[in-house]
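**Q** Let me give you the structure first, and then I'll get to my questions.
The values are calculated or read from the model by the stated rules, or taken from the named source; none is laboratory data. Given the structure is predicted, the values throughout are model-derived calculations rather than measurements. We place every Cβ from the backbone using ideal geometry, glycine too, and count neighbours over all the protein chains shown. The area values use the complete protein model at the heavy-atom level, side chains included, leaving out ligands, DNA and RNA. Shrake-Rupley method; radii C 1.70, N 1.55, O 1.52, S 1.80 Å.
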Number of protein chains: 2
Amino acid sequence: MKLSKKSEYGLRALLELALVHGKTTLQRRDIADRQHIPVEFLEQILLTLKRAGLVSSRRGVNGGYDLIKQPNEITLGQVIRILDGPLAPISCVSKTAYQKCNDCPYTNKPRCPVQQVMGKVRDAIAGVLDHYSLADFAAGHPKG
Amino acid sequence: MKLSKKSEYGLRALLELALVHGKTTLQRRDIADRQHIPVEFLEQILLTLKRAGLVSSRRGVNGGYDLIKQPNEITLGQVIRILDGPLAPISCVSKTAYQKCNDCPYTNKPRCPVQQVMGKVRDAIAGVLDHYSLADFAAGHPKG
DNA sequence: ATAATCTAGAGTTAGTTTATCAACAATAGT
DNA sequence: ACTATTGTTGATAAACTAACTCTAGATTAT
């Protein structure tokens, strides 16, 4: 049940961008320094977030990164799904990336116990992360 | 945020043992067949669970495994912690295996945003798994 | 004895994580 | 146009982990 460094770094990077959003942009070096992230690894992460439509970038002197949306329009759940994949502990209970479990002895039967519990776990995790925006994150608490 | 096969198999194995607890014991082959688990891998898992004091075993002809405690005295949280380690997404919010995050720019400061959110996620996960016993698991729903 | 079974740990294979590097492309200021 | 600065991209790789697999040995019932 672990969060990868990739996602953690991604969240920290977006946090910095959220803090300066509307005022200025940040270069990868700025972000890396402020959050103690290896620059080259951060690059990859920012690129992934760019392809996913969360940040924009400008090259050259005075270039840098910026959020595309408002901080309250991006949830932590979205970010982690982009960087780490589905929130669900097992794919047969994922709502965004469902996959049938093939070897499970309960396939096609009404109720698999593992599926039941893990469904609840998934909901619990998503209940936190999908209701926590970058704005909440920067403020240090949800909804406000 | 993934559950390992090890933990999943462990849960499935304990489920089978819970179902027959008090009536009979099961051999690794029985469990492996019923739950489609590679028998050698299952062996390791059962051994770990034995060392952790959850199951007992008897060797030789007519040997097998049995739960030591009652199914309602074992929670899924315990099992997963034994097989996969702490439930917390990052170790600085674990209650059973806390470790200070060393590279975090917020160390020793009052509030790290990542820590705040992940603490809530940890509580959400533990809230499900630590209140779900093997008996609930076998019944297909909690507190039953 | 012997056959079934558990015990223990080393070895294997494949994939993931966490980077690092180098070459390239775009931009701003001169 | 030139040059320094910055982002873009893909290749590579060390370290680690997951998920088995194998081998050899110890224990027990019959």
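**Q** Do the conditions hold for B:Tyr106, that is, is it open to solvent by 40 Å² or more (accessible area, probe 1.4 Å), hydroxyl-bearing (Ser, Thr, Tyr) and under 25 Å from A:Leu14 (Cα atoms)?
**A** Yes, satisfied.
**Q** Given the conditions (1) open to solvent by 20 Å² or more (accessible area, probe 1.4 Å); (2) out of contact with any Lys or Arg (no Cβ under 8 Å at 6 or more places or on another chain), and given that B:His131 satisfies all but one, which numbered condition is not satisfied?
**A** Going through the list (1) open to solvent by 20 Å² or more (accessible area, probe 1.4 Å); (2) out of contact with any Lys or Arg (no Cβ under 8 Å at 6 or more places or on another chain), B:His131 breaks only (2).
**Q** To continue, here is another question. Could you tell me which residue of the stretch B:58-110 is farthest from B:Leu42 (Cα to Cα), considering only residues that are among the aromatic types (Phe, Trp, Tyr) and more than 14 Å from DNA strand C (Cβ to nearest atom)?
**A** Among them, the one singled out is B:Tyr106.
**Q** If the requirement is being more than 8 Å from DNA strand C (Cβ to nearest atom) and within 13 Å of A:Tyr65 (Cα to Cα), which of these qualifies: A:Leu3, A:Leu47, A:Leu11?
**A** The conditions single out A:Leu47.
Rundown of residues vs (1) under 18 Å from the mean Cα position of the chain (by Cα); (2) farther than 26 Å from A:Tyr106 by Cα, yes/no style:
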position	(1), (2)
B:His36	no, no
B:Phe41	yes, no
B:Leu49	yes, no
B:Leu54	yes, no
B:Ser57	no, yes
B:Glu73	yes, no
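**Q** Among A:Ile90, A:Ile68, A:Ile82, which is more than 14 Å from DNA strand D (Cβ to nearest atom) and open to solvent by 10 Å² or more (accessible area, probe 1.4 Å)?
**A** Answer to the selection: A:Ile82.
**Q** Filter the stretch A:12-55 down to the residues that are of a type in the set (A, V, I, L, M, F, W, C) and open to solvent by 40 Å² or more (accessible area, probe 1.4 Å) and list them by number.
**A** Answer for the stretch A:12-55, where residues must be of a type in the set (A, V, I, L, M, F, W, C) and open to solvent by 40 Å² or more (accessible area, probe 1.4 Å): A:Leu19, A:Phe41, A:Leu47, A:Ala52.
**Q** Could you check, for the stretch B:112-121, whether at least one of its residues is within 16 Å of DNA strand C (Cβ to nearest atom), outside the structural domain of B:Ile45 (by TED's automatic domain parsing), surrounded by 15 or more Cβ atoms within 10 Å (Cβ to Cβ) and not acidic (Asp, Glu)?
**A** Checking the stretch B:112-121: at least one residue is within 16 Å of DNA strand C (Cβ to nearest atom), outside the structural domain of B:Ile45 (by TED's automatic domain parsing), surrounded by 15 or more Cβ atoms within 10 Å (Cβ to Cβ) and not acidic (Asp, Glu).
**Q** For the stretch A:24-65, what are the residues that are within 7 Å of DNA strand D (Cβ to nearest atom), among the hydrophobic types (A, V, I, L, M, F, W, C) and assigned to a helix (DSSP H, G or I)?
**A** The answer is A:Leu46, A:Leu47.
**Q** Same structure, new question: For the stretch A:82-124, which residues satisfy the criterion of being polar (S, T, N, Q) and part of a helix (DSSP H, G or I)?
**A** A:Ser91, A:Gln115, A:Gln116
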